[in-house]
Structure formats: structure tokens, C-alpha cells
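Each value in this text was obtained by applying a stated rule to the coordinates, not by laboratory testing. The model shown is predicted, which means the values in this text are computed figures rather than measured ones. Note that we place each Cβ from the backbone using ideal geometry, even for glycine, and neighbour counts take in every protein chain shown.
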Amino acid sequence: MSIRLARGHYITNANLDDRRAPRHIEEHMRALDEHPDVDVVCAPLKVTMQPNETWDNNTAHAVWYVGFPEYFGTEDFFQEKWWAEGEEKGKIGSQNLPHCMPVWRKSVHEKNGYFDEIEYGASADWEFWLRCSTNDSKFMLLREPLGIYLEDPQSYNRRFESTVDFEKKILQEYYVPLTEESNGNGILDVSQTQEQDSGFEDSGDYPKKLDLASALQYHYGEHRSGWSYAMNSLKALHNDAGILVDGFIEKKFAWGSDPGDCNNTPTAYTEPWIGFIHCPPYAPKWFQEHLSPQRIFASQLWQESIKYCQGLFCLSEDSRRWLQKQLDVPIVSIIHPTETPDVIFSMDKFLANPEPTIIQIGIWLRKMHSIYYLPVKNYKKMVLRKPYSGEMLHSEKQVFKLQPNYSYVQIVDYLPNDQYDEMLSKNIAYLELYDTSANNAIIECIVRNTPVLVNPLPAVKEYLGEDYPLYFQSRQEAAAKAEDFALIEETHHYLQQHPIKEKLSNDYFLKSIVKSEIYQQLS
């Protein structure tokens, strides 16, 4: 009734047990004003279990919906129940992204009707947004948390068993039509379709628009679930007659030596192509500046090739925002996939570890000297050495006039996968970064629930969330947090519940490409 009587152009709801950030309404209305094609705007939410808290004083233990796509549709309203137990684990359930405090245009109701609580009970909002999404309404998710949701076991939607029936009804009406296979309850059992979904060579589910021949031939380094893993996820989209794909533009335009690359008879692209850009824009000038996008975009080889570019994929919203200001081609950010090993972090193993270790992982855009100056007392310190680790540290010593003490840091060479997994199951990780977009060490720690100390760069926060407990602004703060074992346990639990995990699979990476503006516009 209140929606029908409302005179304004925008609508929102007010739940008594939830809290908005002071800028909540302002930011949501600004998004609607600036994006007239968007119908519904929402934002990530901090989650607390304590009632009557405020935005400035709360005990939020998690942040929901960080790292989800900026624009989302019908398929994004469903999620696999990875947290469930028993028979429910792996089944599909609700993912109501607008959740408890979206802002939307009143005109949405003229096209889609109103919330139907008689028919759908406590799930009426989820059903209404699904109704809108299937009727071409456009949804937008802001990047920062702007509300606090009270997770109350006695809330309306948790007290009544009939809620399960409502959800099953909604799944039957909206999810089953999206799929070819569901179980007897109308709920897709992911475990039954997982093998089919991962069989890229035989999959015929998606239009095949990409010529991946050269992208799949190139070796992208020794990362276990690195860029080769990501590129192989796209095999189902290969078509010899498709658009040319450059899987790593920095190779062609900055350091490659294959025929046609910048260092071997440079040859510009003269046919339609799309590419993936990896390097972020804010690395120090002394740090291999030739790899920077600024240098690449200034090159003649790029200037000749960009005329035929149909779009670029990057690996963070932070990079996308910068790239959109530099280039007049579609830019889409996607999430870097990885795999989840069988052996993951255990708080019991960490506490029982007679030599807890803080481990600096990787070299690219790391402050290699940082761990030598980290003032921890109750940890061993370790660096996992990779090719060029020494050269990187030597460059920093020259630039910053450093004389690190090598006595207290163990250097470890390449580890087999099983040893690497075991190491991250009972120790914590450490990174201090100059800049980043996607970071393999970060996503590897996320899927393993391994606490990692890291400085809160914008792209890091996209993957770890705004309220991740182990961000640090100084090495003194990092050391203090490392010594706080209660905080380590809190971080471990934070990562266990982190919603971005659902977005780190190779299947989600594939679907993100297919659903992207770039792919949709390809013929």
C-alpha cells in the first residue's frame, strides 16, 4: 500500500533492525541519477549478530556481496550452498543480492507489479526481484558496503518452516527454466552436473566466438592455478573462425620476443581482436616501467593495433575505472579463478605448530624487502624464492639504500604442490604490495582460509572485502596483528564465510566472459 501511495520517483524500505551508512541514500540515488538505464541499486552489507548497533560502532564479522559483478541478472540470484551440511550441500538456494535496503525506481512497479507476500511469504522480495530481472530490469551493485544487516536467528524469515516451501516454489518458477536438469524438489543438484559443466572440450552450451589458438599455446608461467588455468577454462568458447584473443597483452606490446611481438619484427593487429590486460597502472616508475599500461598505450605498435580492438578484460574494478579513462573501447573487469585444494588452513594446526611462520609469497609488485623489516617476535620469517627474486630485492636495495639483515629470514626454493598446501594450512602469509589488480597469493589464501597480512590497496579490498581484519598501514601494525592469535582466528573465520569464494571457480570465470558486454557484442 505504501508503495502505491508514494509520490517520489525512488523507493526504499526501512527495516527496524538494520542500519544504513550516513551516505547510503545519497550514494544509491546518485547511482540512479547517473545511470538512467538502471532500475535497482544495492550495495554490499556488513553483517552483525548484535542488535541495536550503529554504523560507527558495531561488531560486524563479515561483509556480504563484495566482489560480485557491478551489473547482475537472473542467474546471479541463485547460489550453490557450499556452507550447508548433509544433503543440502551443493544444492541451489537463494542469493538475494538487493537484500534488505536497496533503492529502486517507482516505475519498476508499473511494469512488474508489487511484492506478493501472500504467495511467497518472507521470500516475496527475492521473487519480486527475480520477476523484475526476467522482465529486463537492470540491477547495479555499488562497490562499498553501505549498510549493516542484523543476522538474527529469530528473524521473520528464519522462524517459519514454510519459508523453505516458498523458496522451492520460487526455484521451480525461476531457476528450473534456466537449467536442463533438476532434482525431484525442483532444486538443481550441482553435484550431478559438475562433470558436465567442467567438460570444456565437449560442451556445446555457449556460442563459440573466440579464436583461442595462440592464447592457449602460450606458457603463462609456473603458477599452479595461474593464467594458463584461466585460459584453459575458456576452451569451450574456441572457434577457429572466432575473434582473435590476446591472452596477455603485455607480452605482445611490452616484452615478448616471438615473431610479431614488440621485440621481434613488431607487427600490429590488423583484424578484430580482444585482449586481457594484467598490469595495474600505479607501479613505481623504477619497477620495470616498460610493462606499465602507460608505456604500452604510448607505443606505435599499440596505436596501430587499438584501431581493431573490440574490448579489453581486466582483473579488478580499480583497473577498469582507470582504463575506461584512457581508452575508447569496452572494458570489463572479471575475477581471476583458482582451484581449491583438499588441504586448507586449520586453526588447530596453526596453534599446534611448534614453529609458526609468516611467509612472503611471490615477487610481482611485492616489496621484497618488507619481510626483512617486519618486527615480529613469535614467528619465523620465510620467503618463497622464485626466479628473479634476488634481482627484485637488489633493485629495491639500490633505490631505497637498504641493508636488510638476512639472518632472520629463511629462503625456500620451489615447493611441490602438496608441500605448499601443507605449509599454508598451518602458517600465515604476508604481502606488502606496490600495486596490484588480481593477485594469485591473495586468491590462494582466500580459498584455503589462510590468514594473510596485506596492505589495503583498492583491488585487494575488492577480493578480500572492505572489513578484512588483517589489513595494515605500517609494518608495526602488521606485526602487532600477527601476534594477536585471536585476530588470526577471527580472520580465518572471516575467510571461511567469504562470499567471493563462489566466484573463484573456472566455471564462474567462463560464465563471466560469456555474459560480458564484450562477448555479447561479438557476432
Segment 210-337 - share of DSSP beta bridges that are antiparallel (%, nearest 5): 0
Charge dipole (segment 403-523, unit charges on Cβ, about Cα centre) - positive-most of Y463, I411, F509: F509
Charge dipole magnitude, Cβ of K and R +1, D and E -1 - segment 381-469, Cα centre, debye nearest 20: 340
Calculated log₁₀ intensity ratio I(q)/I(0) where the Debye formula runs over C-alpha points of segment 347-503, q = 0.11, 0.14, 0.16 Å⁻¹: -0.40, -0.66, -0.89
Per-peptide average of other Cβ atoms within 10 Å, ordering 303-311, 140-148, 410-418 highest first: 140-148, 303-311, 410-418
Centroid-to-centroid separation of segment 357-424 and segment 217-264 [C-alpha atoms, Å]: 29
Computed label-point distance, nm, for sites S407 and E466 using a 7 Å Cα→Cβ extension: 4.6
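Using the number of other C-beta atoms within 10 angstrom as an exposure proxy, rank E173, E127 with the fewest first. Kindly include the intermediate steps, with their values, before the conclusion.
Numbers: E173 15, E127 24.
Ascending Cβ contact count within 10 Å gives the list E173, E127.
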Coarse-grained scattering of segment 210-337 at q = 0.12, 0.15 Å⁻¹, given as base-10 log I(q)/I(0) from a Debye sum over alpha-carbon atoms: -0.43, -0.70
5 angstrom amide H check on F472, placed H, neighbours 5+ away: V454, N455
Sum of -39500 (n - 2.57) over DSSP H runs of 4+, divided by residues of the chain (222 nm, nearest 500): -8500 deg cm²/dmol
Most to least packed among 355-367, 395-407, 477-489 [average Cβ atoms within 10 Å]: 355-367, 477-489, 395-407
Kirkwood hydrodynamic radius (C-alpha pairs) into Stokes-Einstein, segment 429-523, 20 °C and 1.002 mPa s, D in µm²/s: 148
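Relative contact order for segment 236-323: what is it in percent, counting Cα pairs under 8 Å that are at least 6 residues apart? Please list the in-between numbers first.
Numbers: 118 pairs, mean separation 26.1, N = 88.
Relative contact order for segment 236-323 comes out at 30 percent.
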Rel. contact order, % - alpha carbon contacts under 8 angstrom, at least six apart, segment 290-387: 19
3J(HN,Hα) from dihedral phi, segment 485-497, Karplus parametrisation 6.51/-1.76/1.60, rounded to Hz, x for glycine, proline: 5, 5, 6, 4, 5, 4, 5, 4, 5, 4, 5, 4, 9
Phi-based couplings in Hz for segment 501-511 (Karplus 6.51, -1.76, 1.60; Gly and Pro marked x): 3, 5, 9, 9, 7, 5, 5, 5, 4, 4, 5
Selected from S233, T267, F297, residue furthest toward positive end of dipole (segment 210-337; charges at beta carbon): F297
Top positive-direction residue, dipole computed over the chain with Cβ charges, set I306, F72, Y174: I306
Rg to Rh quotient for segment 221-275, alpha carbon positions, Kirkwood Rh: 1.00
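Could you tell me what percent of the DSSP beta bridges with both partners in the chain are antiparallel, to the nearest 5?
Around 35 percent antiparallel, to the nearest 5.
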For G311, distant residues with modelled amide H under 5 Å away: G275
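Kirkwood Rh, the chain, all Cα pairs: how many Å?
Working: mean 1/r = 0.0400 Å⁻¹.
The Cα-based Kirkwood calculation yields 25.0 Å.
Considering Cα pairs under 8 angstrom that are at least six residues apart, work out the relative contact order of the chain and quote it in whole percent. Write out the running numbers ahead of the final one.
On the way: 913 pairs, mean separation 70.7, N = 523.
Reported as a whole number, the value is 14 percent.
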Sorted by Cβ neighbour density within 10 Å, fewest at the top, the residues V245, V514: V514, V245
Mean Cβ count within 10 Å, highest first, over the residues of peptides 33-41, 494-502: 494-502, 33-41
Partner lysines for K111 [C-alpha distance under 30 Å; skip if fewer than 8 residues away on the same chain]: K138, K168, K169, K511, K515
